[in-house]
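Data first, discussion second: the structure below is written as structure tokens.
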Amino acid sequence: MKTIDNIPTSKIQRASKLVKTGAKVGVNYLKYYGEKLTKTELEAKENLNKNNAEDIYDGLKQLKGSALKVAQMLSMEKSILPQAYVEKFSLAQFSVPPLSPPLVIKTFKKYFGKAPEAIFDTFNSSSVNAASIGQVHVAEKNGKKLAVKIQYPGIAESIQSDLAMVKPIAIKMFNIKGKDSDKYFKEVENKLVEETNYILELEQSQEIAAACAHIPHLKFPEYYPELSSERIITMDYMTGDHLSEFTAKNTDQEMANQIGQSLWDFYMFQIHKLKKVHADPHPGNFLISKEGNLIALDFGCMKTIPEDFYVPYFELAEEESINNPAIFREKMFELEILRKDDSPEELEFFSNMFHEMLSIFTQPFHSEIFDFSDLSFFGRIAELGEKYSKNTDLRKMNGNRGSEHFIYINRTFFGLYNLMFDLKAQGVKINNFHTL
């Protein structure tokens, strides 16, 4: 794979890269209008999506950092994006062009004052995995094989300017209005800043590994503070297939069920017992060992769940709350989904919309055992997403809905559901975490 010798780090450089990408998208639309004269609307639109996905991804992968992280987050939203975008953006999870060896060595010298060869017994300057914020190299020390994650230069410093460029697009895409919308962007910015702090990630990794070590068939690497810094983190090298690679070839339903149960228990234990959760559940962050163990990686994005959000959020998920109009409305206001300044039309519209959504999305919590291979369940979620993405009434209303804590908690559940569906896990015990 071609390597990158430098990453645009200044605001002007990064903005200019996005402008070039925008120009390519403009050309694609001209092609689309031309093709509509000779092809069907469906064929022309599919080509437009494919070309746009290619050009946008190519632009973002050069920027890396928060710009590429946005693509990674969007790739998880399978029900709201055209398939061409999902396929291309999902590459941001664990397959992007790596830094060149000279840039890797330069980064080591900056943070350790010496080349990697002077720290490890052996070090491979070509990466084995490159993602949105950092890339992984293989090293050895004292006979132990290690994974060394190196953060891309300038990523931490560019977060604020990247989000400022993305903000107008997000406001239009999600129909956000109102002066208090800044709380959503601040939540994303704070989490991205945390993800670039590898000292914090190391502490979080050790904390979660210790707290969840008792969960069956769940494994974690050991982390090495003495071989880590604010931009470099060293851990055990873990072997296995990425979860998406495993699901693509697996024929052992019993193993899929075992992994699915471990994955579900891992998330429910964090959410309900620790009140803190690994809020980045995409396939690149999980490996499956040949023994059928789930290996959890990358704890840079952890979301602490405040008690005043946790309580109404899970009370609203209860079947009794959904079916009781008075309780349902009370929790909707408590979670800021309904607002005091809403018009009667907005109150009715969003009450109906979220009632419909929650009636489907919370179904796993209304039974002791759930089948995550159920195509009809996930089909209804996808249909609902498509229904409201095309709703013209929704575009006229204030889309600025809910507490800022929804962003990463909902992202966690969407990602978890997608992983459970990819595994086709059956017979999952929903409340098993209580017995662990």
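The values are calculated or read from the model by the stated rules, or taken from the named source; none is laboratory data. Nothing here was measured: the structure is a model prediction, and the numbers come from that model. Using ideal geometry, Cβ is built from the backbone for each residue, glycine included, and neighbour counts are taken over all protein chains shown. Accessible surface areas use protein heavy atoms only, side chains included; no ligands, DNA or RNA. Shrake-Rupley method; radii C 1.70, N 1.55, O 1.52, S 1.80 Å.
Take the Cβ-Cβ distance between Asp236 and Phe314 as r, set R0 to 41 Å, and report the resulting FRET efficiency rounded to the nearest 0.05.
0.75
Expected output is a single nm value to one decimal: the length gained when fully extending between Glu222 and Leu200, i.e. 0.36 nm times separation in residues minus the C-alpha distance. What is it?
Computed gain between Glu222 and Leu200 is 6.4 nm.
For Lys429, list the aspartates and glutamates whose Cα falls under 16 Å from its own Cα; do not include residues on the same chain fewer than 8 positions away.
Within the straight-line cut-off, Lys429 pairs with Glu254, Asp265, Glu368, Asp371, Asp374.
What do the square roots of 5 times the Cα gyration tensor eigenvalues come to for the stretch 297-366, in whole Å, largest first, as semi-axes of the equivalent ellipsoid?
Numbers: eigenvalues 115, 50, 28 Å².
Ellipsoid semi-axes (Å, largest first): 24, 16, 12.
Using the Karplus curve 6.51 cos²θ - 1.76 cosθ + 1.60 with θ = phi - 60°, what ³J(HN,Hα) values do you get for each residue of the stretch 322-327, in whole Hz, with x for Gly and Pro?
Per residue, the Karplus-derived 3J(HN,Hα) values read 5, 8, 10, x, 5, 5 Hz.
Please list, in chain and number order, the residues 5+ apart from Gly402 or on another chain whose amide H is under 5 Å from its amide H, with Hs placed from the backbone.
Answer set, sorted by chain and number: Ile337.
Give the aspartates and glutamates whose C-alpha is closer than 18 Å to that of Lys145, dropping any in the same chain fewer than 8 places away, or say none.
The qualifying aspartates and glutamates are Glu117, Asp121, Glu222, Glu226, Asp236, Asp241, Asp298.
What does the convex hull of the Cα atoms of the stretch 370-436 come to per residue, in Å³, rounded to a whole number? Write out the running numbers ahead of the final one.
Details: hull volume 7.5 nm³, N = 67.
About 111 Å³ per residue, rounded to a whole number.
Just how many pairs of Lys in the stretch 250-374 have C-alpha atoms closer than 20 Å, counting pairs that are eight or more places apart or on different chains?
Going through the stretch 250-374 pair by pair, I get 5.
For Asn129, list long-range residues whose amide hydrogen, built 1.01 Å from N in the peptide plane, is under 5 Å from its own amide hydrogen.
Val136
Under a crude label model (7 Å from the Cα following the beta-carbon direction), how far is Ser289 from Glu307 in nanometres?
3.8 nm
Just order 255-264, 142-151 by mean Cβ neighbour count inside 10 Å, highest at the front, would you?
Top of the packing list down: 255-264, 142-151.
May I ask you to give the solvent-accessible area per residue for the stretch 240-435, in square angstrom, as obtained with a 1.4 angstrom probe?
43 Å²
Using the Karplus curve 6.51 cos²θ - 1.76 cosθ + 1.60 with θ = phi - 60°, what ³J(HN,Hα) values do you get for each residue of the stretch 123-128, in whole Hz, with x for Gly and Pro?
8, 8, 6, 9, 6, 9
Taking the Cβ-Cβ separation of Lys390 and Gln363 as r and a Förster radius of 30 Å, what is the calculated FRET efficiency to the nearest 0.05?
Efficiency at R0 = 30 Å is approximately 0.80.
May I ask you to list the residues of the stretch 310-339 whose amide nitrogen lies under 16 Å from a point 7 Å from Cα along the Cα→beta-carbon direction of Asn190?
310
Could you give the length gained on full extension between Thr40 and Thr251, defined as 0.36 nm per residue of separation minus the Cα-Cα distance, in nm?
Fully extending the segment from Thr40 to Thr251 adds 72.1 nm.
At a 10 angstrom cut-off on C-beta neighbours, averaged per residue, how do the peptides 186-195, 274-283 rank from highest to lowest?
Result, highest mean Cβ count within 10 Å first: 274-283, 186-195.
Pop the C-beta distance of His272 and Ile327 into the FRET formula with R0 = 25 Å and round what comes out to the nearest 0.05.
Numbers: r = 21 Å, r/R0 = 0.83.
Calculated value: 0.75.
Rounded to the nearest 20 Debye, what is the dipole magnitude of the stretch 348-391 about its Cα centre when Lys and Arg each give +1 and Asp and Glu each give -1 at the C-beta?
180 debye
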